[in-house]
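First up is the structure itself, then whatever we jot down about it.
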Amino acid sequence: MKSFARWLGLCVLAFLALQLFFVGRIASMAVLAPQSTAFQRAEAWRIVNEKGRLPWSQEWVNYSQISDHLKRAVIASEDDGFSNHDGVDWDALEKAWAKNAKAEERAEKRKPPANAPAAATVRPPKVVGGSTITQQLAKNLFLSGERTLLRKGQEFVLTLLLETFLNKQRILEIYLNSVEWGDGVFGAEAAAQHYFRKPASKLSAYEAARLAVMLPRPKFFEKVPNSAYLSGRSGVIVGRMPDAQLP
């Protein structure tokens, strides 16, 4: 029993030490740009293993050097309540859970009999996230891509820390400089140069909307730039951009 209590105590201390580490890292981001994110390091490892080299494009630019069109487009597309919520949009999260539950229910009804051939298997339902920009940043900065309750719990803690130590403008600045926009393409400046051969400060409203629409599946849309969905959805985001509130 004593050994179990000692083991439990060590686990608690390790957890607290990890949270203190996160506090220090996030607090430093108020003045220092993160050198890399956990997601970027994982992607770099994957690319090197697949290609034997590391084609990489990323350049940090200040908040003022990123087009307001892109800021508005990303907010309109990813998190329209960004400037007002405390890091978690509970309404959006509740709607996402409801959509996922309905999708799973429909998939279950379409499920073929156990003796059906393999070709008759049903595709798994599409999962809707409902994560805010702050939650996405928390995950990309520090966490793996696994979907577990423990990882989600840590994401909520990190989201709270980001909202506590950084203002909304800084959160959006770090997000736009670190988010993925293609295979080895990270940040607004690299994306603007890669797709439109211009700096991020010069993006038009429609160009910004296209980049924003790419965010959930950047590597996919990089391969199909003439996608009808990409064009149509970009038009929708352009229409929403005037209502997007900037921090």
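The values are calculated or read from the model by the stated rules, or taken from the named source; none is laboratory data. Everything quoted here is computed from the prediction, not taken from an experiment. Backbone-built Cβ (ideal geometry, glycine too); neighbour counts: all protein chains shown.
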Hits in region 37-61 - residues which are surrounded by fewer than 13 Cβ atoms within 10 Å (Cβ to Cβ) and outside any helix (DSSP H, G or I): 52, 53, 54, 55
Selected residue (criterion: nearest to the chain's Cα centre (by Cα)) from residues of region 1-31 that are in a loop (DSSP other than H, G, I, E, B) and under 24 Å from residue 156 (Cβ atoms): 29
Subset of region 203-247 that is assigned to a loop (DSSP other than H, G, I, E, B), of a type outside the set (Gly, Ala, Ser) and under 20 Å from the mean Cα position of the chain (by Cα) - its residue that is nearest to residue 186 (Cα to Cα): 215
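For region 193-245, give me each residue that is basic (Lys, Arg), out of contact with any strand residue (DSSP E or B) (no Cβ under 8 Å at 6 or more places or on another chain) and farther than 25 Å from residue 84 by Cβ. So that I can check it myself, show each step before the final result.
From region 193-245, those basic (Lys, Arg) are 197-198, 202, 210, 217, 219, 223, 233, 240; that's our starting set.
This time we only want the ones that are out of contact with any strand residue (DSSP E or B) (no Cβ under 8 Å at 6 or more places or on another chain), so: 197-198, 202, 210, 217, 223, 233, 240.
Passing the criteria: 197, 198, 202, 210, 217, 223.
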Pair list, Cβ < 7 Å and 6+ apart or interchain, from region 221-241 residues that are free of Cβ contacts under 8 Å to residues at least 40 places away in the same chain to residues that are in a helix (DSSP H, G or I) and charged (D, E, K, R): 230/210; 234/210
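Return the total of residues in region 62-91 being among the polar types (S, T, N, Q) and assigned to a loop (DSSP other than H, G, I, E, B).
Taking region 62-91 and keeping what is among the polar types (S, T, N, Q), we get 62, 64-65, 67, 77, 83-84.
Going one step further and asking which of them are assigned to a loop (DSSP other than H, G, I, E, B), we end up with 62, 67, 83-84.
The total comes to 4.
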Tally, over region 136-166, of residues that are among the acidic types (Asp, Glu) and modelled with pLDDT under 90: 1
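Quick check: anything in region 206-219 surrounded by 17 or more Cβ atoms within 10 Å (Cβ to Cβ), under 20 Å from residue 75 (Cβ atoms) and among the hydroxyl-bearing types (Ser, Thr, Tyr)? Walk me through it before giving the result.
Filtering region 206-219 for residues surrounded by 17 or more Cβ atoms within 10 Å (Cβ to Cβ) gives 207-215, 218.
Pick out the ones that are also under 20 Å from residue 75 (Cβ atoms) and you get 207-215, 218.
Within this subset, residues satisfying the condition of being among the hydroxyl-bearing types (Ser, Thr, Tyr) are none.
No, region 206-219 contains no residue that is surrounded by 17 or more Cβ atoms within 10 Å (Cβ to Cβ), under 20 Å from residue 75 (Cβ atoms) and among the hydroxyl-bearing types (Ser, Thr, Tyr).
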Candidate set from region 195-205 (those that are in contact with a Ser or Thr (Cβ under 8 Å, 6 or more places away or on another chain) and buried (at least 16 other Cβ atoms within 10 Å of the Cβ)); member that is farthest from residue 218 (Cα to Cα): 201
Some residue of region 66-79 being without any contact (Cβ under 8 Å) to a residue 60 or more places away in the chain, over 17 Å from residue 179 (Cβ atoms) and of a type outside the set (Lys, Arg): no
